[in-house]
Amino acid sequence: MKQEKMTKFNKIFPWYSGLSEDLLFWVAIDTLFLTVVKNFNASQIVSLTTVSLITCIALQVPLLNIIKKIGNTNSVRLGSMLLLISSLLLTFGQNYLVIALGKVIYEIAFTFQNMSNAVLKNNLELQNRNNEYIKVKTKSNTIYATVTMIISFIASLMFNLNNYLPMFGCITFCLICFILSFYIVDYSKYNKIKKEIKKESKTKINYTKLIIVLIVSYGLFYPIVNSGQSNGKLFIQQELLLNFDVEKTALIIGAILCISRIVRVISNMAFNKIHSKYKEKVGVILPVLLSISVVLMILGYFIRNFIILKFSIMSLGYIIILFIRDPFKVYMQDLALRNVEKEEQQSLLTTMELSRKVVRAIMSLIFTIILVNNPMITVITVLLILSIIEIIISIKLYTLILSKKEIKKE
């Protein structure tokens, strides 16, 4: 019976993980929806992220305690339910406070849902498939990238037909994921760390130098990517609105998203082979590409007379961000889970998310203040500086990984 359930888990997990990676449809039209439908300005849109992240950070300790109490399986289900609630609030909220609440619940949801990575790692080890984490996660990311690619083809058209139509699609996908979450079960003894296990082994993270640098690297890289994606799209959108009307802007943004999603599918399909070839070097290659993407958006901004060239270069920068986003997350999560004990998984995954949220909240707060009296180009320039710092950190992490491998050989 357990083998049958495990087989069902293996089939459903990539689909669940892929479809619940984010709020589908929302990620394609979020800034446009908030600007056109909710009448929010750039500062308000960025401040939503600040408010939601700061609130989620303040709740991290009780959230981790809840996760340890209810276990990985129930955490995944709770996270899926919260995503559904978030989609409803973002769709039907009529004022800033309700939309902000939707964003807060959105951030909290991923703290719980992040335990699906521990579920996958534990279940793979029960099947003696320890080294297939990247393979399975890449498959789920490919599903996500493919679905979002299809959405990118139709989201703008749906938005122009009815501004709320894409959000109805978002709610539908959230409901499907909530149903699928009941098949995501951690069959290992580490689903919920029992008191007896806690006494016999470590439940707190052993903060080695490698783990600390890993947390810092993840905590900086992902906020840059998130901010680069959201603010980058808003940056391009603002430039487009200076040259075109709302309908044409929506179509062009949709076209850019279409291409970026196709590239995202390709990156996920190719990442398993890329990782097999370059191994730990991908941890340095991806931050370098991140820095290049921001440079391209800045270069495109300063082109004035050649509109096609201008938006081509800016779009290329945006597309690169989509290319590197999923591979980095998969690589870092696998690296983290390979370097801690099973009892430490919940704490480490939560700490990684906390570091990401803390840095992103600080960045969002600073960007909100900057945007009150400064143009978006100032924010993008700050992202470039941060991306260069990330390259330096990634090189340090790479050297620590090599050092650990050398020690093991000896």
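The values are calculated or read from the model by the stated rules, or taken from the named source; none is laboratory data. In this text the structure is predicted, and so the values were computed from the model without any measurement. Note: ideal-geometry Cβ built from the backbone for every residue, glycine included; neighbour counts use all protein chains shown. Note: accessible area is taken over every heavy atom of the protein model, side chains too, but ligands, DNA and RNA are not part of it. Shrake-Rupley method; radii C 1.70, N 1.55, O 1.52, S 1.80 Å.
Below is a table of values for the structure above.
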read-out: Filtered residues of region 70-112 (kept if of a type in the set (Lys, Arg) and modelled with pLDDT under 90); value: none
read-out: Matching option when the condition is within 20 Å of the chain's Cα centre (by Cα) and more than 21 Å from ILE176 (Cβ to Cβ), among LEU83, LEU59, LEU78, LEU24; value: LEU59
read-out: Count of residues meeting criterion [among the hydroxyl-bearing types (Ser, Thr, Tyr), at pLDDT 85 or above and out of contact with any Asp or Glu (no Cβ under 6 Å at 6 or more places or on another chain)] in region 33-56; value: 2
read-out: Residue within region 65-73 that is among the polar types (S, T, N, Q) and crowded, with 22+ Cβ neighbours inside 10 Å present; value: yes
read-out: Every residue from region 324-335 that is hydrophobic (A, V, I, L, M, F, W, C) and either outside any helix (DSSP H, G or I) or surrounded by fewer than 23 Cβ atoms within 10 Å (Cβ to Cβ) (or both); value: MET332, LEU335
read-out: Test for PHE302: is it in contact with an Asp or Glu (Cβ under 8 Å, 6 or more places away or on another chain) and of a type in the set (A, V, I, L, M, F, W, C); value: no
read-out: Residue match in region 37-58 (condition: within 16 Å of PHE168 (Cα to Cα), part of a helix (DSSP H, G or I), out of contact with any strand residue (DSSP E or B) (no Cβ under 6 Å at 6 or more places or on another chain) and among the hydrophobic types (A, V, I, L, M, F, W, C)); value: yes
read-out: Subset of region 361-371 (residues that are surrounded by fewer than 22 Cβ atoms within 10 Å (Cβ to Cβ) and either more than 19 Å from ALA100 (Cα to Cα) or hydroxyl-bearing (Ser, Thr, Tyr) (or both)); value: THR368, ILE370
read-out: Those residues of region 372-399 which are open to solvent by 10 Å² or more (accessible area, probe 1.4 Å) and among the hydroxyl-bearing types (Ser, Thr, Tyr), in sequence order; value: THR378, THR381, TYR398, THR399
read-out: Scope region 128-150; condition open to solvent by less than 10 Å² (accessible area, probe 1.4 Å) and either more than 17 Å from PHE9 (Cα to Cα) or aromatic (Phe, Trp, Tyr) (or both); matching residues; value: TYR133, TYR144, ALA145, THR148
read-out: Matching option when the condition is in contact (Cβ under 8 Å) with a residue 60 or more places away in the chain and under 29 Å from GLU239 (Cβ atoms), among SER315, SER355, SER347; value: SER315
read-out: Filter result (open to solvent by 60 Å² or more (accessible area, probe 1.4 Å) and in contact (Cβ under 8 Å) with a residue 40 or more places away in the chain) within region 1-17; value: LYS2, LYS5, LYS8, TRP15
read-out: Checking SER364 against (1) touching a residue at least 60 places away in the same chain (Cβ under 8 Å); (2) farther than 19 Å from PHE221 by Cβ, the condition it does not meet; value: (2)
read-out: Every residue from region 210-263 that is free of Cβ contacts under 8 Å to residues at least 12 places away in the same chain and either open to solvent by less than 10 Å² (accessible area, probe 1.4 Å) or not in a helix (DSSP H, G or I) (or both); value: LEU242, PHE244, ASP245
read-out: Selection from region 292-305 of residues that are over 18 Å from the mean Cα position of the chain (by Cα) and not hydrophobic (A, V, I, L, M, F, W, C); value: GLY300, TYR301, ARG304, ASN305
read-out: ALA100 in contact (Cβ under 8 Å) with a residue 40 or more places away in the chain, part of a helix (DSSP H, G or I), open to solvent by less than 30 Å² (accessible area, probe 1.4 Å) and not polar (S, T, N, Q); value: yes
